[in-house]
Structure formats: structure tokens, C-alpha cells
Amino acid sequence: MDLTQISGKLTLTQSDIPGSVIKDVNLASASFNDVNLAGARFDDINFTGTKITNVNLSNVDIRDCNIDGLRIDGHLVTDLLKSRSQ
């Protein structure tokens, strides 16, 4: 199924859409709850101001990212990385 140039609010509930491609889409202020993104790939994504809670980040690989102001459990990641390198 192809959905192109959709505009307005879209609600997906109890859906099974593995292998989907989401490209050039504005999801600002979207809400994700009880979503399986295992094996998903994110590239060229703007997560500015995003809040992530109660998330399983096991085996997540983050590369080539701007982490200015990124906090994990209230701790600046840049500070954690600096202290680790000392």
C-alpha cells in the first residue's frame, strides 16, 4: 500500500507494517507508544527536543551525530564521554 502526500493527522493503531519506508515526512509533535522499532534504521533525522522514556536501547549503535545537550538520566553525554577518556 502506498500513501503519498498525506496531510493532516494520521492515527495508526494495532497495525502490522514491518519493512515500511518513511521518507521525507514531517512527524513533529507525533506520539509513539508501544511501538516495535527493532532493527529499524534512522538516517538524517531531527530529534531536537525529543523526550524518550521507558525505552529499550539494547545494542543501539549511534554514529556521526550532534549530541550537544543530549542527556541520559540527567547527565550530559558529552561530560560522560570526557570523563571516560581521562
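The values are calculated or read from the model by the stated rules, or taken from the named source; none is laboratory data. Worth saying up front: this structure is predicted, and the values here are computed from it rather than measured. Please note: Cβ atoms are built from the backbone with ideal geometry, for glycine as well, and neighbour counts cover all protein chains shown.
Looking at (1) surrounded by fewer than 10 Cβ atoms within 10 Å (Cβ to Cβ); (2) at pLDDT below 95; (3) on the phi < 0 side of the Ramachandran plot, which is the only condition Asn36 fails?
(2)
Can you tell me which residue is nearest to the chain's Cα centre (by Cα) among those in region 42-86 that are of a type in the set (A, V, I, L, M, F, W, C) and in a strand (DSSP E or B)?
Step one: of region 42-86, the residues of a type in the set (A, V, I, L, M, F, W, C) are 42, 45, 47, 52, 55, 57, 60, 62, 65, 67, 70, 72, 76-77, 80-81.
If we keep only those that are in a strand (DSSP E or B) too, we end up with 72, 76.
Working: Ile72: 14, Leu76: 18 Å.
Among those that are of a type in the set (A, V, I, L, M, F, W, C) and in a strand (DSSP E or B), it is Ile72.
Given the structure, is Ser29 within 29 Å of Arg71 (Cβ to Cβ) and either at pLDDT below 95 or small (Gly, Ala, Ser) (or both)?
Numbers: within 29 Å of Arg71 (Cβ to Cβ): yes; either at pLDDT below 95 or small (Gly, Ala, Ser) (or both): yes.
It is true that Ser29 is within 29 Å of Arg71 (Cβ to Cβ) and either at pLDDT below 95 or small (Gly, Ala, Ser) (or both).
Of Asn66, Asn56, which residue is closer than 26 Å to Gln14 by Cβ and surrounded by fewer than 10 Cβ atoms within 10 Å (Cβ to Cβ)? Before you say what the answer is, go through the steps one by one.
Details: Asn66 fails: closer than 26 Å to Gln14 by Cβ.
Asn56 is the lone residue from the list that is closer than 26 Å to Gln14 by Cβ and surrounded by fewer than 10 Cβ atoms within 10 Å (Cβ to Cβ).
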